[in-house]
1. Pairs under 8 Å by beta carbon, first residue β-branched (Val, Ile, Thr) in region 208-236, partner more than 16 Å from ligand 1 (Cβ to nearest atom), six or more apart or different chains?
2. Do we have residue 157 as over 18 Å from residue 203 (Cβ atoms), crowded, with 20+ Cβ neighbours inside 10 Å and hydroxyl-bearing (Ser, Thr, Tyr) here?
3. Test residue 45 against the criterion of being more than 18 Å from the chain's Cα centre (by Cα), surrounded by 14 or more Cβ atoms within 10 Å (Cβ to Cβ) and touching a residue at least 24 places away in the same chain (Cβ under 8 Å), and give yes or no.
4. What do you reckon, is residue 95 more than 27 Å from residue 27 (Cα to Cα), within 16 Å of ligand 1 (Cβ to nearest atom), buried (at least 21 other Cβ atoms within 10 Å of the Cβ) and modelled with pLDDT of 95 or more?
5. Among (1) over 23 Å from residue 191 (Cβ atoms); (2) open to solvent by 60 Å² or more (accessible area, probe 1.4 Å), which single condition is residue 3 missing?
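The values are calculated or read from the model by the stated rules, or taken from the named source; none is laboratory data. Predicted model, so just to flag it, every value in this text is computed and none were measured. Note that we place each Cβ from the backbone using ideal geometry, even for glycine, and neighbour counts take in every protein chain shown. The area values use the complete protein model at the heavy-atom level, side chains included, leaving out ligands, DNA and RNA. Shrake-Rupley method; radii C 1.70, N 1.55, O 1.52, S 1.80 Å.
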Amino acid sequence: MSDKTLVIIPTYNELENLPKLLPEVFSQEENINVLIVDDNSPDGTAEYVEEEMKNNERLHIIKRNSKLGLGTAYIAGFKYALENGYDYVLEMDADFSHDPDEIENFLREIQNQDLVIGSRYRNGVNVINWPMSRLLLSWFANLYTKFITGMPIKDATGGFKCFRRQVLEAIDLDEVKSNGYAFQIEMNFKVWKKGFRIKEMPIIFVDRMKGMSKMSKKIVREAIIMVWKLRLKSMFGLLK
Ligand SMILES: Nc1nc2c(ncn2[C@@H]2O[C@H](COP(=O)(O)OP(=O)(O)O)[C@@H](O)[C@H]2O)c(=O)[nH]1
Ligand SMILES: [Mg+2]
C-alpha cells in the first residue's frame with residue numbers, strides 16, 4: 001500500500017486561484033489528496049470546490065462558518081489527516097506563492113525527516129515581488145524568533161511545509177491556539193523541542209498575483225507575544 005499524502009490548503013476568498021492551482025497540485029502525484037479548509041468565503045470558493053468534488057474523489061473540504069484564522073484551519077486539517085490515515089501532511093497557501101512543483105521535493109525529503117520546511121531564507125533571501133516593508137518585516141520577525149527561542153530555523157514563519165503523521169500525533173493539537181505566523185512558529189518550536197528531525201529546504205516565494213493578502217497587524221502582534229510565551233513555557237517545563 002503506497003503512502004497517503006494530504007495537501008491542506010486554507011482558503012478565504014481564493015476563487016480566482018483555485019481553478020488553476022488544484023489541477024497543478026493533483027498533477028504532481030496520483031496518490032495526492034487535497035483538503036480545502038474554507039471559512040465561508042464570500043466569493044463562493046466553497047461552492048466551487050464542492051462542484052469540483054463531484055468529479056474528483058481526491059478533493060475534500062471542511063467548511064467553517066466564519067473567518068477563524070489560518071492556524072485553526074490547519075489544526076482542523078491535521079485532525080482530518082490523522083483520522084483518515086494520511087502518512088504525509090503538507091501545508092500550502094492557495095495563491096501560488098508556494099509552487100506546486102515543489103511538492104515532489106517535499107515528498108522526497110520527508111523520507112529522511114520528520115518535518116520539512118520550505119525556506120525562503122536558507123540560502124539568502126528567495127522572495128519575489130514582495131514590497132520591501134513586507135520583506136523586512138518577515139526577515140526581522142525570523143531573526144527575532146531565532147534570537148528569543150534559540151530555535152535553529154531561518155524561516156520559522158513560512159507556511160509551505162510537510163509533516164510526517166507521527167509528528168502531528170505527538171503534539172497536543174488542542175493546545176495549539178495561535179493563528180497566522182504565530183501558529184507556524186508554535187508548531188516548529190514544539191516539533192523542535194520534541195527532538196524530531198527538521199530540515200529547511202530552499203524554496204522561492206512569489207507574492208500573490210490574484211486576490212488579497214489576509215495579513216494584518218493583529219497577526220504580527222500575536223507573533224511577537226507568542227515567541228516569549230514559548231520561551232517562558234519551555235523554561236518552566238509547561239510546554240504541551
Ligand atoms: N480558512 C482560512 N484561510 C485563511 C485565513 N486567512 C488566510 N487564509 C488563507 O491562508 C493562505 C495564506 O494567506 P495570505 O493572505 O496569502 O497570507 P500572506 O501570504 O502572508 O499574505 C491563503 O491561502 C489564504 O486564503 C483564514 O482566516 N481562514
Ligand atoms: Mg499569500
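1. Pairs found: 224/144; 227/144; 227/148; 227/149.
2. Considered against the rule, which asks whether it is over 18 Å from residue 203 (Cβ atoms), crowded, with 20+ Cβ neighbours inside 10 Å and hydroxyl-bearing (Ser, Thr, Tyr), residue 157 comes out as no.
3. It is true that residue 45 is more than 18 Å from the chain's Cα centre (by Cα), surrounded by 14 or more Cβ atoms within 10 Å (Cβ to Cβ) and touching a residue at least 24 places away in the same chain (Cβ under 8 Å).
4. no
5. Unmet for residue 3, out of (1) over 23 Å from residue 191 (Cβ atoms); (2) open to solvent by 60 Å² or more (accessible area, probe 1.4 Å): (1).
Let's see how each residue does on (1) open to solvent by 10 Å² or more (accessible area, probe 1.4 Å); (2) in contact with a helix residue (DSSP H, G or I) (Cβ under 6 Å, 6 or more places away or on another chain); (3) of a type in the set (Lys, Arg); (4) over 28 Å from residue 129 (Cβ atoms):
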position: 148; (1), (2), (3), (4): yes, yes, no, yes
position: 202; (1), (2), (3), (4): yes, no, no, no
position: 216; (1), (2), (3), (4): yes, no, no, no
position: 222; (1), (2), (3), (4): yes, yes, no, no
position: 225; (1), (2), (3), (4): yes, no, no, yes
position: 233; (1), (2), (3), (4): yes, no, yes, yes
